[in-house]
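Structure, as structure tokens:
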Amino acid sequence: MTTATVAKPKAQQPRKGSRRISLPTLLLIIAGVLVLTSIVRLITGADGITSTGQMSTALRLAVPIGLAGLGGLWAERAGVVNIGLEGMMILGTWFGAWAGYQWGPWTGVVFGILGGALGAILHAIATITFNVNHIVSGVAINILALGTTRYLSKFTFENAPQGSSKQSPPIDSLGTFDIPGLSSWLDTLNSKHWFLVSDIAGLIGGLVTDLSPLTVIAVALVPVTWWVLWRTAFGLRLRSCGENPVAAESLGVNVYKYKYIAVIISGGFAGLGGAFLSIVASNVYLDGQTAGRGYIGLAAMIFGNWMPGGLALGAGLFGYTDSLNLRGGTTNVHALLLLLGILVVFGAAYLVWKKRYVPALITAVVAALVFVWYAGTNEVPAQLVTATPYLVTLLVLSLSAQSLRMPKADGLPYRKGQGK
């Protein structure tokens, strides 16, 4: 068998039912959801669901999730499953806060990246060099990071001014800024509560209002990741390690080196997400601050089909649902029940069009139950608002599981020279 035969990917033939959504179709779907959201806002009077403040909060909460997802993307494109993202984020929160309160927030950002990279090095040694199961190694990193940061906090933060064994002293802010003129104009337009126009103004206004410099950097990392991985020779070699490492090795690629680089970059992104939590989101380190965002970031990456653009959409969705905890949660989630019911009706109609009548019937029953729930209540329990981001994670993954395509060698053991 020739090298050319080995390197030719069979995956170019799409699997049945896994057709990729084109960009125009995706934009049309997003536009349709936005129109439905505007209609629901007018019916329910829940203007907060598309307010500038809601969108700004959603962006701030989406950033650490997106950074963790980018970390997972880099590792898994090179063939290494990184369940340890949560632990690397924890290391990022602690190292970022420890350095930030002593030497300033930007120093804290750098140390947060280094803390996440430290956890990644351990994961890389275990999985790449010693061929440890990727899931086992990732879970071990999470446990190790949690225990280590709690142990270190007792010796560093407990005796510091305004600190404790579970909390760091306050960290200086990186500051925030608006886009002059544009932010205030969009906020004014959003306050008019006009159909669709105000909703679009709220969405865009949230992206240009009360921005942290670190938010801008994090958002810029999405297109940078796409360019590096899909438009450079370095990215092609790295992705080949996740698709067919044997073929990559036969073409002269140092598979171990690229896997190590990808996993360390992965940990750096997760650590940056952790530093964002402790320096930007709250200006203080708190025990348990990540609250599972590393796992949600991994879910956002899977939702995005291992692509940066889809990952960003997933992070935005989870960030938005998380923001409901902070801004009019019970009222806004109750209004979104109506939107959910409408979307489920469209889902049932799509299944009928596909002649899948039994799933269509079940979906229609679910839609009816959602409408009954909406009509019979004025607001939802606060506990449901808290659980909404995690419920959305499970729902989105269950619905998108049929059309996902992970890198072919993701998580598979590899030894140098095994193709000989």
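The values are calculated or read from the model by the stated rules, or taken from the named source; none is laboratory data. Note that the structure is predicted; figures quoted are calculated from it, not measured. Here the Cβ positions follow ideal geometry from the backbone for every residue, glycine too, while neighbour counts run over all protein chains shown. Surface areas here come from the heavy atoms of the whole protein model, side chains and all, with no ligands, DNA or RNA. Shrake-Rupley method; radii C 1.70, N 1.55, O 1.52, S 1.80 Å.
What to note about this one:
- Selection of region 128-148 for residues being part of a loop (DSSP other than H, G, I, E, B) and touching a residue at least 12 places away in the same chain (Cβ under 8 Å) yields only Asn131.
- Matching residues in region 121-140 - criterion: being open to solvent by less than 50 Å² (accessible area, probe 1.4 Å) and either more than 20 Å from Ala68 (Cβ to Cβ) or among the charged types (D, E, K, R) (or both): Ile128
- Apart from one condition, Ile265 fits all of (1) open to solvent by 20 Å² or more (accessible area, probe 1.4 Å); (2) farther than 12 Å from Gly116 by Cβ; the exception is (2).
- Matching entry among Gly119, Gly79 (being closer than 16 Å to Ile264 by Cα and in a helix (DSSP H, G or I)): Gly119
- Taken over region 169-186, the residue count meeting the criterion of being within 28 Å of Ser278 (Cα to Cα) and not in a strand (DSSP E or B) is 12.
- In region 231-281, residue farthest from Ile217 (Cα to Cα) [restricted to those that are in a helix (DSSP H, G or I) and polar (S, T, N, Q)]: Ser250
- Filter pass, Ile143 being more than 28 Å from Asn283 (Cβ to Cβ) and open to solvent by 20 Å² or more (accessible area, probe 1.4 Å): no
- Restricting the search to helices (runs of 4 or more DSSP H) fully inside region 301-387 and requiring at least 2 residues that are of a type in the set (Phe, Trp, Tyr) and open to solvent by 40 Å² or more (accessible area, probe 1.4 Å) gives 329-353, 357-376.
- Among the residues of region 146-176, those that are among the aliphatic types (A, V, I, L, M) and more than 25 Å from Thr57 (Cα to Cα) comprise Leu146, Leu152, Ala160.
- Taking the numbered list (1) within 24 Å of Thr215 (Cα to Cα); (2) without any contact (Cβ under 8 Å) to a residue 24 or more places away in the chain in turn, Phe346 passes all entries but (1).
- In the set (1) open to solvent by 80 Å² or more (accessible area, probe 1.4 Å); (2) closer than 24 Å to Ala270 by Cα; (3) part of a loop (DSSP other than H, G, I, E, B), the condition left unmet by Phe195 is number (2).
- Hits in region 149-168 (condition: open to solvent by less than 70 Å² (accessible area, probe 1.4 Å), within 16 Å of Leu277 (Cβ to Cβ) and either in a loop (DSSP other than H, G, I, E, B) or touching a Gly at 6+ places or on another chain (Cβ under 8 Å) (or both)): Phe157, Ser168
- Complete set of residues in region 75-114 that are small (Gly, Ala, Ser) and surrounded by fewer than 24 Cβ atoms within 10 Å (Cβ to Cβ): Ala99, Gly104
- Members of region 194-247 found to be touching a residue at least 24 places away in the same chain (Cβ under 8 Å), within 30 Å of Ile279 (Cα to Cα) and small (Gly, Ala, Ser), listed by number: Ala201, Gly202, Gly205, Gly206, Ser212, Ala218
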